[in-house]
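Enquirer: Take a look at the following structure, please.
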Amino acid sequence: MTLQTDTAVPKQTMQRPRRKPLLSMAAEISGAAYLLIAICAFLLFIAGWFLATGLGVAKPIFLPSPLGVIAKLGKLAADGTLASDVGNSVYRIMVGFLIASIMALATAILIGAYRFWEAAIEPFLDFVRYMPVVAFVPLTILWSGTGDIQKFLIIWIGTYFQQALMFKDNIKRVPADFIGFGRTLGMSDLRVLMRIVLPSAMPQIWDTLRISLGWAWTWVTLAELVAANSGLGYRITVAQRYLQTDMAIGYILVLGVLGLATDQIMRLLGRHFFKYERKS
Amino acid sequence: MQAHPKLKISHLQKSFANGRSPVKVLDDINLEVGDNEFVSLVGASGCGKSTLLSIIAGLQDHEQGEMLVDGSPINGPGRDRGVVFQSYTLLPWLTALQNVEFALRETGHEAKDITEVARRHLDLVKLSRFADSFPSQLSGGMKQRVAIARALSYRPKMLLMDEPFGALDALTRGQMQELLMQIWQEHRLTVIFVTHDVEEAVYLSDRIFVMGLNPGRIKECIEVSSARPRPTGIQHDRETLELQARVLKSIREETRRVEFD
Ligand SMILES: Nc1ncnc2c1ncn2[C@@H]1O[C@H](COP(=O)(O)OP(=O)(O)OP(=O)(O)O)[C@@H](O)[C@H]1O
Ligand SMILES: [Mg+2]
């Protein structure tokens with residue numbers, strides 16, 4: 001009896017660790033609490049927006065109410081404008097981003113594995129990387145007009161150079177002993193590259209893809225803002241021309257949601273592909 | 001020594017370019033290792049043990065000297081010399097079994113036997129139960145056991161090991177040493193084993209090469225004559241302890257010499 005209570009008492013006190021104050025640096029937060037806080041932040045933002053428009057702080061022509069924006073988006077969705085704009089922009093990103101990524105990976109392998117190509121190519125990539133993408137917009141229009149090709153080109157310029165250098169870094173981080181191991185098996189350089197170096201760098205390469213896909217959204221919007229006759233960016237310039245602020249804001253929100261969605265899809269896919277990295 | 005040593009190194013020299021002036025890391029290394037012999041390389045940190053091992057593996061080149069395996073010169077890595085690295089080198093996207101299969105496939109084993117052979121080797125290191133686990137799910141000792149199974153699976157004549165148990169706790173290390181002993185006796189392997197641990201060197205080796213410092217060279221070769229198989233408690237026998245002290249003293253002399261230079 002006494003023994004039982006003896007062991008039970010300290011157990012109970014052990015089970016209740018002291019809670020750290022919510023705003024202290026060491027505070028841990030459960031998944032549900034995290035989500036709740038995040039949702040509250042969004043709600044706060046929307047409430048502030050309602051308040052600003054409801055109290056007449058901002059004229060509707062500068063800042064329409066959230067309901068107005070939603071209604072406008074609903075109308076654009078119903079008549080198919082939204083879907084076709086999204087479709088156009090997504091198509092441009094997919095093509096531009098895919099081409100850039102494949103080329104960047106090939107470049108990265110070349111400069112990551114061969115010192116000769118590193119010397120020949122990397123300084124040049126570094127140089128171009130610091131040229132602002134926006135400055136290329138007039139040139140690309142001059143070269144290729146205002147069609148899809150020009151959009152691909154802008155996305156390519158905006159992502160390829162950065163990706164190539166980041167991919168190279170991903171590849172360089174593969175432990176030297178992995179490569180040594182492959183060589184002791186008598187594998188050729190090419191085989192070591194394809195069967196050890198690339199698979200081993202893949203999780204990091206995927207992260208790079210995920211980050212650079214985010215940029216691609218910026219570049220496609222930019223290209224469509226400047227010169228296009230379709231796409232999300234184009235619709236925003238139309239909105240400006242006809243003072244349809246609700247449409248402009250609605251489209252910016254759509255861009256935010258699309259960006260967030262692609263990022264989450266990439267994250268989930270990554271989690272699925274690289275399951276082996278996790279314990280248990 | 002035997003008429004035909006498994007490995008013969010003569011007048012080997014190696015420098016690293018350090019800034020502009022090359023620094024000599026290995027100087028006039030001469031050693032012979034017999035067939036089925038177990039030798040250790042010990043020495044102070046930075047004396048060039050890893051460098052020497054990786055030159056023997058063919059992963060690094062050298063400026064001078066000759067290296068013969070079975071009488072023929074080697075250049076570059078080869079399937080006759082398996083390496084177990086100090087860092088964990090299991091490929092993280094492959095399971096334990098697939099890691100062994102990878103080595104077998106790349107060394108040109110017949111496709112139909114690969115899984116069979118791989119399973120047998122996991123069995124050898126007592127890890128059959130973890131065949132389908134990924135490296136991230138294995139402890140350090142288990143990873144090194146898979147690495148040993150992998151290195152043995154394609155039957156290299158020589159096994160080169162660079163502090164393979166350096167990162168393990170004392171208990172696990174002891175178990176790994178016994179396992180290695182057992183495998184070595186069953187497989188007629190020639191092992192070159194780098195270690196910091198004098199007790200480990202004396203327990204495992206037929207001969208111990210003590211390396212000197214600045215530049216690295218073979219300072220002394222100490223023979224361990226205790227009969228095999230060696231019982232587990234032998235580390236604490238008087239004879240063994242004396243031998244350990246002798247090896248330790250030899251290493252210490254060297255660090256002291258360098259300090260007073
Ligand atoms: N790639 C390199 N470039 C320049 N110097 C190197 C390189 N690799 C090793 N060295 C130098 O060569 C010497 C021997 O290094 P090595 O790694 O072979 O020593 P070690 O005996 O294995 O040491 P430890 O016991 O700490 O592992 C060290 O002084 C080290 O600084
Ligand atoms: Mg070392």
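Enquirer: When the Cα centres of the range B:1-55 and the range B:119-145 are compared, how far apart do they sit, in Å?
Expert: 31
Enquirer: Taking only C-alpha pairs under 8 Å that are 6+ residues apart, what is the relative contact order of chain A in percent?
Expert: 21
Enquirer: How large a share of the accessible area of chain B, in percent, is made up of carbon and sulfur atoms when the probe is 1.4 Å and the other protein chains stay in place?
Expert: 48
Enquirer: Give the relative contact order (percent, whole number) for chain B; include only Cα pairs under 8 Å separated by 6+ residues.
Expert: So the answer I get is 25 percent.
Enquirer: Give me the accessible area per residue for the range B:76-222, probe 1.4 Å, as a whole number in Å².
Expert: 37
Enquirer: Using a loss threshold of 10 Å², tell me which positions in the range A:181-208 are less accessible in the complex than in their chain alone. Probe radius 1.4 Å, ligands and nucleic acids ignored.
Expert: Flagged in the range A:181-208: A:181, A:183, A:184, A:185, A:186, A:187, A:191, A:195, A:196, A:199, A:200.
Enquirer: I've got another one for you. Note the full-extension length gain between residue A:103 and residue A:34 as 0.36 nm times their separation in residues minus their Cα-Cα distance, in nm to one decimal.
Expert: Length gained between residue A:103 and residue A:34: 20.9 nm.
Enquirer: Still on this structure, please answer the following. Pop out a list of residues from the range A:259-280 that are at least 50 Å² less accessible with all the protein chains around than in their chain alone; 1.4 Å probe, no ligands or nucleic acids counted.
Expert: Those are A:276, which lose 50 Å² or more relative to the chain on its own.
Enquirer: Give a quick list of trypsin sites (Lys or Arg not before Pro) in the range A:170-237 that DSSP marks as loop, anything other than H, G, I, E or B, with at most 14 other Cβ atoms within 10 Å.
Expert: Filter output for the range A:170-237: A:173.
Enquirer: Could you give the spread of the C-alpha atoms of the range B:1-138 along their three principal axes, from largest to smallest, in whole angstroms?
Expert: 49, 41, 25
Enquirer: Between residue A:129 and residue B:110, what is the spin-label point distance in nm, taking each point 7 Å from the Cα along the Cα→C-beta axis?
Expert: Computed distance between label sites residue A:129 and residue B:110 equals 5.1 nm.
Enquirer: Continuing with this model, one more query. Within the accessible area of the range A:9-129, what % is carbon and sulfur when the probe is 1.4 Å and the other protein chains stay in place?
Expert: Roughly 73 percent, rounded to a whole number.
Enquirer: Choose one answer from A:167, A:136, A:152: the residue with the largest mean-square fluctuation in a GNM of chain A with alpha-carbon springs under 10 Å.
Expert: For chain A, modelled as a Gaussian network with Cα springs under 10 Å, the answer is A:136.
Enquirer: Mind telling me which of A:57, A:69, A:128 comes out most flexible in a GNM of chain A, alpha-carbon contacts under 10 Å?
Expert: Highest fluctuation among the options: A:57.
Enquirer: Just to make sure I understand: if all protein chains stay in place, what is the order of A:103, A:194 by accessible area at 1.4 Å, largest first?
Expert: A:194, A:103
Enquirer: In nm, to one decimal, how far is the modelled label at residue A:95 from the one at residue A:65, with both set 7 Å along Cα→Cβ?
Expert: Distance between label points: 4.3 nm.
Enquirer: Have a look at the range B:1-78 and give its Rg and Dmax from the Cα atoms, expressed in angstrom.
Expert: Final numbers for Rg and Dmax: 13.0, 43 Å.
Enquirer: How high is the relative contact order of the range A:207-280, in percent, with contacts defined as C-alpha pairs under 8 Å that are six or more residues apart?
Expert: Result for the range A:207-280 is 27 percent.
Enquirer: Using bins 5 angstrom wide from zero, how does P(r) for chain A break down, in % of all Cα pairs?
Expert: 1, 5, 9, 11, 11, 11, 11, 10, 9, 7, 5, 4, 3, 2, 1, 1, 0, 0, 0
Enquirer: Rule-of-thumb check for the range A:155-259: C-alpha Rg over 2.2 N^0.38 Å?
Expert: Relative to the 2.2 N^0.38 Å estimate, the range A:155-259 comes out at 1.63.
Enquirer: Per the Kirkwood formula on distinct C-alpha pairs, the Rh of the range A:49-106 is how many angstrom?
Expert: Result for the range A:49-106 stands at 14.3 Å.
Enquirer: Percent of alpha carbon pairs in chain B separated by more than 29 Å?
Expert: 32
Enquirer: Considering only DSSP beta bridges whose two residues both sit in chain B, what percent are antiparallel, to the nearest 5?
Expert: Among the beta bridges of chain B, antiparallel pairing accounts for roughly 55 percent.
Enquirer: What's the long-distance tail for the protein assembly as shown, i.e. % of Cα pairs beyond 43 Å?
Expert: Tail of P(r) above 43 Å: 43 percent of Cα pairs.
Enquirer: Scan chain A and note any complete DSSP helix (H) whose C-alpha atoms cover at least 27 Å along its axis and whose Kyte-Doolittle average is -1.0 or more.
Expert: Once both thresholds are applied, what remains is A:31-54, A:81-113, A:148-172, A:198-226, A:245-273.
Enquirer: Now for a different question. If each of residue A:176 and residue A:26 carries a label point 7 Å out from its Cα toward its Cβ, how far apart are those two points in nm?
Expert: 4.0
Enquirer: Then there's this: Computed on protein heavy atoms with a 1.4 Å probe, what is the summed buried accessible area for the chain pair A and B, in Å² to the nearest 100?
Expert: For A against B, buried area totals roughly 2000 Å².
Enquirer: Also, I was wondering about something else. Counting each pair of different Cα atoms once, what's the Kirkwood radius of the range A:153-203 in Å, rounded to one decimal?
Expert: Result for the range A:153-203 stands at 12.1 Å.
Enquirer: Follow-up question, since we're still on this one. Please state, to two decimals, what the Cα-based radius of gyration of the range B:133-230 comes to when divided by 2.2 N^0.38 Å (N = residues).
Expert: Relative to the 2.2 N^0.38 Å estimate, the range B:133-230 comes out at 1.15.
Enquirer: Considering only protein heavy atoms, what per residue accessible area in square angstrom results for the range A:118-257 with a 1.4 angstrom probe?
Expert: 45
Enquirer: Taking the Cα centroid of the range B:212-245 and of the range A:251-280, what is the distance between the two, rounded to the nearest whole Å?
Expert: 57
Enquirer: If you don't mind, another one. Take the alpha carbon atoms of the range A:179-200, find their center, do the same for the range A:61-124, and report the distance between the two centers in whole angstrom.
Expert: Centre-to-centre (Cα) distance: 34 Å.
The values are calculated or read from the model by the stated rules, or taken from the named source; none is laboratory data. Note that the structure is predicted; figures quoted are calculated from it, not measured. Note that each Cβ is placed from the backbone with ideal geometry, even for glycine, and that neighbours are counted across all protein chains shown. Just so you know, the surface numbers come from the protein's heavy atoms only, side chains and all, with ligands and any DNA or RNA stripped out. Shrake-Rupley method; radii C 1.70, N 1.55, O 1.52, S 1.80 Å.
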